[in-house]
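Values quoted throughout were computed directly from the atomic coordinates according to the rules given, and no laboratory measurement underlies them. Because the structure is a prediction, the values reported are computed rather than measured. Glycine also receives a Cβ, built like all others from the backbone with ideal geometry; neighbour counts cover every protein chain displayed.
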């Protein structure tokens, strides 16, 4: 009943490291995580500190990347914005994986009416454009505080993103369910829960990891879009999307207010997509040997 062949393959890590694009993406993401974790503590400014004597100041010795229209240090706000984006991406993706994996496994294993019901709910979720549905949810919940906007974004983005993961897990689990080792385990009377946890789930980890990596980029971009529209994270929390929106009126006089957060957002999204592609290649069974 060996299922080792379908699990993440030995040597996948070595193949990933041999991929220069993957190494570059990992290095960029590692630097971003370190900057988000330790950068704000090293900055002499808080993200909401206003230097009225240096409003819209260009990059200089005191403010390395200049200041915005409120005199707030751009570099500090970029670093805090990285914390926000990474926090939203990781937390929302964790919720999405928990919901999607649980429902996908349940639908694939139980089948019948339960599978039909869960998949029809999933199809119904797919009928709504993700961003519009997230905007609708934010409008319904109507956060009244900055902290409440954080929770609202988590909930809204998690609710609109789990159907894709659920459908992926269901499809993968159905394929594994028909394998000989699973049938043998069932014929031996092994409890369903143990079969699912020991034989089914471990064999579908690879596509889940790849999908989750790419989805984090989509979640970060969705959060930035909501904040750009003014319905995501609310001040004083800095968000790259909010920084781009606030900088639009100064596009000609201070273009750096848009360029810096746009570059940060684009860099993390592209790096995560490159890493997802590299993981897909490294974990592909056809790459064995």
Rounded tilt (10° steps) of 256-283 against the dominant C-alpha axis of the chain: 20 degrees
Folded to 0 to 90 degrees: helix 130-141 orientation relative to the chain principal axis, Cα: 70 degrees
Residue 194/residue 262 FRET efficiency (R0 45 Å; Cβ-Cβ; nearest 0.05): 0.35
Fewest-first sequence of 123, 246 by Cβ atoms within 10 Å of each Cβ: 123, 246
Pairwise FRET efficiency - residue 250 versus residue 116, Cβ, R0 = 45 Å, nearest 0.05: 0.25
Whether region 1-133 is rounded, prolate or oblate, judged on the alpha carbon gyration tensor where a/c under 1.5 counts as rounded: oblate
Crossing angle, helix 205-228 versus the chain [Cα axis fit, 0-90 degrees, rounded to tens]: 30 degrees
Exposure proxy order (Cβ contacts within 10 Å, fewest to most) of 274, 154, 128: 128, 154, 274
Sorted by Cβ neighbour density within 10 Å, fewest at the top, the residues 240, 109, 162: 109, 162, 240
Whole-Å distance, taken between Cα centres, linking region 258-278 and region 211-247: 13 Å
Net length gained if the chain between residue 51 and residue 175 were fully extended (0.36 nm per residue, minus Cα distance): 38.6 nm
Principal semi-axes in Å for region 142-196 [√(5λ), Cα gyration tensor, largest first]: 41, 13, 5
